[in-house]
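Before any comments, here is the structure.
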Amino acid sequence: MSRIAYVNGQYLPREHAMVSVEDRGYQFADGVYEVCEVRGGKLIDERRHMARLDRSLKELRIARPMSAKALSVILHETVRRNRVRDGVVYLQVTRGVARRDFLFPAADTPPAVVVTARSADPVKLEATAAEGIGVITVPDIRWQRVDIKSVALLPNVLAKQAARDKGAREAWMVDAKGRVTEGGSSNAWIVTRDGKLITRPLGQDILPGITRSVVMDLIKDQGLAFEERAFTVEEAYAAREAFVTSASQIVQPVVSIDGRPVGNGAPGLIASALRRDYHRHAEVS
Ligand code: PDD
């Protein structure tokens, strides 16, 4: 649990860490965020996460709140103050605080910045990965710019709760053509019967996952068969393996889809190997 939060220039005990009711993140979900893995007290893939943050801000025309260097200091300091060795650090930037109006506030309105950090139990995470998770499929009802990591996550909230209600851990969202876009908070992958790794190409319909990009480097490095293309739910049912990638779960094997076992119903060899090798490729800072 996060005990100290950075809020607009101050490190505050969580019970005093608050934002204005007129924060545009609260009023309009007018903001963006990043989640970075913390491992051994260090940030994983920080550079790529910060590059994606910059892109999200630019796409929404939200000013960059401070230099990348200053932001990096705050991320590390929040991790340190919360004594997080393994877990995640969360960063949110909104368009700031202003009287409720759909139009952008005055150009000199400073963006609002919140950073929190929390621990995760690495033993528990490994135990989950050793078992694998179940996913369900749901229609993708999101807006058409989910490549921007905005805090507007209501469809994802509903999708993940639907998964939980069915005893699954993640929801795979499906486009109008019956093809999987991505998970509620992860990118989706399958391994075909003939051993080829498949994941959807980047576009405005999925988040450009940082873990996805590092896993792609790993795949290239190891010379594994790989194809970047959309896959259908039917293909996923017939896959040999499936898995999801995200900063908080790294590579998480999927062992059932809509209650049907994937392959032999146990975590796949390729997914498990990618999980094992991930941190040898990730950048640590
Ligand atoms: N979720 N797709 C969606 C919709 C996501 O929310 C996430 C990340 C990903 C994976 O991206 P990355 O590999 O950069 O974490 C894909 C974060 C972890 C979250 O919301 O908690």
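The values are calculated or read from the model by the stated rules, or taken from the named source; none is laboratory data. Source: prediction; values computed, not measured. Neighbour counts run over all protein chains shown; Cβ positions are idealised from the backbone, glycine included.
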_Residue list for the range 163-191, restricted to those being assigned to a loop (DSSP other than H, G, I, E, B) and within 14 Å of P253 (Cα to Cα)_ = A168, R169, S186
*E59 vs. criteria acidic (D, E) and either within 17 Å of Y6 (Cα to Cα) or away from the ligand (no atom under 16 Å from the Cβ) (or both)*: no
_Kindly evaluate W172 against the criterion of being more than 10 Å from the ligand (Cβ to nearest atom), under 16 Å from the mean Cα position of the chain (by Cα), more than 27 Å from R47 (Cα to Cα) and surrounded by 15 or more Cβ atoms within 10 Å (Cβ to Cβ)._
yes
*asked:* Considering only residues that are away from the ligand (no atom under 16 Å from the Cβ), without any contact (Cβ under 8 Å) to a residue 60 or more places away in the chain and surrounded by 24 or more Cβ atoms within 10 Å (Cβ to Cβ), which ones fall in the range 209-261?
replied: E241
*If you check A273 against the conditions, is it away from the ligand (no atom under 16 Å from the Cβ), more than 19 Å from the chain's Cα centre (by Cα), at pLDDT 95 or above and under 27 Å from K166 (Cα atoms)?*
no
_Taking the condition of being in a helix (DSSP H, G or I) and either in contact (Cβ under 8 Å) with a residue 60 or more places away in the chain or among the aromatic types (F, W, Y) (or both), how many residues in the range 77-103 meet it?_
3
*Residue by residue through the range 1-49, note down the ones that are touching a Leu at 6+ places or on another chain (Cβ under 9 Å) and free of Cβ contacts under 8 Å to residues at least 12 places away in the same chain.*
M18
*What strands (runs of 3 or more DSSP E), lying completely within the range 1-69, carry at least 2 residues that are hydrophobic (A, V, I, L, M, F, W, C) and touching a strand residue (DSSP E or B) at 6+ places or on another chain (Cβ under 8 Å)?*
4-7, 31-39
